Amino acid sequence: MLSTLLFPTFLVVRGGAIQLSCGLRKPLVKNNCTECRSGVSMRVVLSPGRCRLLAMLLLMVSLVADAGESLRQRLEALHSGYSAEAAGERLMTTQALSEFYEARGYELAWTDLRSRIALLTEVEAVAQDGLLPTDYHLLALQELMAEDWEQLSAAARDDLDLLLSDSFLLLGSHLLEGKVNPETIDPEWFANRRQRAMAPLLAEALANSAITATLDVLRPSQDGYRQLKAARARIAGLVGEPWADIPVGPAIKLGMEDERVPLIRQRLVTLGDLEAANDEAAPSSTYDRTMDQAVVEFQRRHGLEDDGIVGRSTLAALNRTPEDRLQQIDLNLERWRWLPDSLGETYVLVNIAAFELKLVQKSQVKLSKRVIVGRPFRRTPVFSDQIRYLVFNPTWTVPRKLMVQDKLPEIVRDPDYIQRLGFSIYHGWGSERVQVDPQTVDWQSLSSRNFPYQLVQEPGPQNALGQVKFMFPNKFDVYLHDTPSRELFRKSERSFSSGCIRVHEPLDLAAALLEIEGGWDRARIDSVVDSLKTTTVTLKQPIPVHLEYWTAWTGDDGRLQFRNDVYTRDARLYEALQTSRRP
């Protein structure tokens, strides 16, 4: 019977009798309300003591019903297109909130003090994950939770309950899949983000008093995220320390005297690239070998020429403030949250911003190679796929865009270009294409709108794909391959390609992948390459490949690595992180 009284019900107590009236304040007679036909009328005659007890019980049920009704009305307003607020704060996770409270009959969820404190603690500490605590109602939660729960009004309890739920749901989704959808800020970024139903997760966390543990599970589980977060704490400890700019001046080399040397030495000590001197002698202005070695280490950590010379680039990196570096770390923590739960037991990882490829097997780096990536106006996209086959001595069919934009002007300028670089010319496409003599083509009459030819470069030392390519067919027509222009790998910044990734010493990568495959050794690979015959090797087990873009991460030694934002992707992400609160 009590469960049927979940509507505004009024009690009238007269002596030993209780008269119930419905919300329309009509007497409930003949087992039906004369106005609303509720069908829940009763008149009970009891002793005065029991009557008062029952009246109190029914009143408590009525108050609970009213509280649930209040939440119901506020949340149902969302379905009519209205925005919802609590304590002046806009609620962000409207759909998940509705699902969560509907499943629990619109009862208050955060009556346990330990759960409330656990969530507030997580919100206060979430800056360590590179997120903004104020996105999760921090100030409103602190204000409401400063009052004792029992002293809060019914409306204030509703507000606090809604804010806590909204905070958990929003923070949980951000830890799980990122605060920013990368595809909304970068058309060349495709992420395989994790997904979970958040409303049931919140219900389970509250039932088990496991708010902290549940949120921690939602964070990326990869070591790279945890290590970068730990490194962030070390950089955060430098905020507020004196950080004067080291003045610009002539390049400083080994053995030189310069008044800036003491400043550079102290900066290297602060950043952990140089041990502090044990003696108390006045700091020397001589750029000695110990400093030179420390500068080389610093340059390597920042992707600079590791020549030990403190020039403009090295000086600019030394002058970057801890606040700058925190921002850079925060951006890359967000990028980790865009990744799937697992990259694979064995996988190839390309960090575009670092110009580096790694083959990882069972969490161990088995192979590391330099790479060349796309130029800033032909950027290498970010996505994941699987390497399905290798081609030794590949031919190269020039993509149409490159044919008309790059190759056609070259051919017009240099009539011997086609023959010298080993191109064949075909008219038409597919099985109907016909090889033509390049001498019969009027190249100057062709344009982007009139180019009915295909250019195919045959295997050989001039082939743009070199001796091997690693194929993971995708809509971008991007893959890994060798190159005849191997001198470019000596550069510290290597954005020279048209989007594909050129690999230094690619036969080492081929050998490592085919060793996993079985049945191949280096001698067999060399024999196939020497034959100059195009040979395709299909992998029985495709290898995941991830093309990523990190400008801050921790190296194999646990030390922070930073790189220049060669594609200027950081600024747009930073702006989005400061403004977006997408649920």
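The values are calculated or read from the model by the stated rules, or taken from the named source; none is laboratory data. Because the structure is a prediction, the values reported are computed rather than measured. In this analysis, Cβ positions are derived from the backbone assuming ideal geometry, glycine residues included, and neighbour counts consider all displayed protein chains. Accessible surface is based on the protein model in full, side chains and every heavy atom, while ligands, DNA and RNA are left aside. Shrake-Rupley method; radii C 1.70, N 1.55, O 1.52, S 1.80 Å.
Numerical summary
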{"quantity": "Residue 513 part of a helix (DSSP H, G or I) and open to solvent by less than 70 Å² (accessible area, probe 1.4 Å)", "calculated": "yes"}
{"quantity": "Some residue of the range 333-342 being in a loop (DSSP other than H, G, I, E, B), exposed (fewer than 15 other Cβ atoms within 10 Å of the Cβ) and not basic (Lys, Arg)", "calculated": "yes"}
{"quantity": "Some residue of the range 242-257 being in contact (Cβ under 8 Å) with a residue 40 or more places away in the chain, open to solvent by 30 Å² or more (accessible area, probe 1.4 Å) and in contact with a Phe, Trp or Tyr (Cβ under 9 Å, 6 or more places away or on another chain)", "calculated": "yes"}
{"quantity": "Residue under evaluation residue 424, criteria (1) within 30 Å of residue 189 (Cβ to Cβ); (2) outside any loop (DSSP other than H, G, I, E, B); (3) not charged (D, E, K, R), criterion not met", "calculated": "(1)"}
{"quantity": "Near pairs, Cβ below 7 angstrom, 6+ apart or cross-chain, from the range 74-93 (within 14 Å of residue 169 (Cβ to Cβ)) to any residue that is modelled with pLDDT of 80 or more and assigned to a strand (DSSP E or B)", "calculated": "91/85"}
{"quantity": "Hits in the range 540-574 - residues which are among the charged types (D, E, K, R) and either crowded, with 19+ Cβ neighbours inside 10 Å or touching a residue at least 40 places away in the same chain (Cβ under 8 Å) (or both)", "calculated": "548, 556, 559, 563, 565, 569, 570, 572"}
{"quantity": "Single residue of 465, 455, 390 found to be open to solvent by less than 70 Å² (accessible area, probe 1.4 Å), touching a residue at least 40 places away in the same chain (Cβ under 8 Å) and not in a strand (DSSP E or B)", "calculated": "465"}
{"quantity": "Residue list for the range 542-576, filter: at pLDDT 95 or above, within 16 Å of residue 368 (Cβ to Cβ) and not hydrophobic (A, V, I, L, M, F, W, C)", "calculated": "546, 548, 554, 561, 563"}
{"quantity": "For residue 98: the one exception among (1) in contact with a helix residue (DSSP H, G or I) (Cβ under 7 Å, 6 or more places away or on another chain); (2) outside any helix (DSSP H, G or I)", "calculated": "(2)"}
{"quantity": "Members of the range 505-522 that are touching a residue at least 60 places away in the same chain (Cβ under 8 Å) and either more than 32 Å from the chain's Cα centre (by Cα) or not assigned by the TED database to the domain that holds residue 360 (or both)", "calculated": "none"}
{"quantity": "Scope the range 469-493; condition in contact (Cβ under 8 Å) with a residue 60 or more places away in the chain, crowded, with 20+ Cβ neighbours inside 10 Å and more than 19 Å from residue 544 (Cβ to Cβ); matching residues", "calculated": "483"}
{"quantity": "Check on residue 125, over 23 Å from residue 97 (Cβ atoms), modelled with pLDDT of 95 or more and small (Gly, Ala, Ser)", "calculated": "yes"}
{"quantity": "Counted residues, the range 91-124 - those being open to solvent by 50 Å² or more (accessible area, probe 1.4 Å) and among the charged types (D, E, K, R)", "calculated": "6"}
{"quantity": "Tally, over the range 494-510, of residues that are at positive phi and open to solvent by less than 10 Å² (accessible area, probe 1.4 Å)", "calculated": "1"}
{"quantity": "Of all residues making up the range 280-336, the number that are more than 16 Å from residue 492 (Cβ to Cβ) and of a type in the set (Val, Ile, Thr)", "calculated": "4"}
{"quantity": "Residue that is small (Gly, Ala, Ser) and in contact (Cβ under 8 Å) with a residue 60 or more places away in the chain, where the choices are 146, 118", "calculated": "118"}
{"quantity": "Extreme residue, farthest from residue 577 (Cα to Cα), among residues of the range 132-143 that are free of Cβ contacts under 8 Å to residues at least 60 places away in the same chain and not hydroxyl-bearing (Ser, Thr, Tyr)", "calculated": "143"}
{"quantity": "Whichever residue in the range 280-296 is surrounded by fewer than 16 Cβ atoms within 10 Å (Cβ to Cβ) and acidic (Asp, Glu) and, among such residues, is farthest from residue 355 (Cα to Cα)", "calculated": "280"}
{"quantity": "Filtered residues of the range 393-409 (kept if open to solvent by 40 Å² or more (accessible area, probe 1.4 Å), farther than 18 Å from residue 474 by Cβ and in contact (Cβ under 8 Å) with a residue 60 or more places away in the chain)", "calculated": "395, 406"}
{"quantity": "Residue check, residue 537 under 22 Å from residue 388 (Cβ atoms), within 37 Å of the chain's Cα centre (by Cα), open to solvent by less than 60 Å² (accessible area, probe 1.4 Å) and outside the structural domain of residue 418 (by the TED database)", "calculated": "yes"}
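Here is a yes/no grid of residues against (1) open to solvent by 20 Å² or more (accessible area, probe 1.4 Å); (2) part of a strand (DSSP E or B); (3) more than 24 Å from residue 336 (Cα to Cα):
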| position | (1), (2), (3) |
| --- | --- |
| 349 | yes, yes, no |
| 366 | yes, yes, no |
| 372 | no, yes, no |
| 377 | yes, no, yes |
| 383 | no, yes, no |
| 411 | no, no, yes |
| 418 | no, no, yes |
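Yes/no matrix, rows are residues, columns are (1) assigned to a loop (DSSP other than H, G, I, E, B); (2) modelled with pLDDT of 95 or more; (3) more than 17 Å from residue 246 (Cα to Cα); (4) touching a Cys at 6+ places or on another chain (Cβ under 6 Å):
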site: 275; (1), (2), (3), (4): yes, no, yes, no
site: 280; (1), (2), (3), (4): yes, no, yes, no
site: 283; (1), (2), (3), (4): yes, no, no, no
site: 294; (1), (2), (3), (4): no, yes, no, no
site: 298; (1), (2), (3), (4): no, yes, no, no
site: 304; (1), (2), (3), (4): yes, yes, yes, no
site: 307; (1), (2), (3), (4): yes, yes, yes, no
site: 313; (1), (2), (3), (4): no, yes, no, no
site: 326; (1), (2), (3), (4): no, yes, yes, no
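Conditions (1) out of contact with any strand residue (DSSP E or B) (no Cβ under 7 Å at 6 or more places or on another chain); (2) outside any strand (DSSP E or B); (3) of a type outside the set (A, V, I, L, M), marked per residue:
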{"position": "533", "(1), (2), (3)": "yes, yes, yes"}
{"position": "542", "(1), (2), (3)": "no, no, yes"}
{"position": "546", "(1), (2), (3)": "no, no, yes"}
{"position": "573", "(1), (2), (3)": "yes, yes, no"}
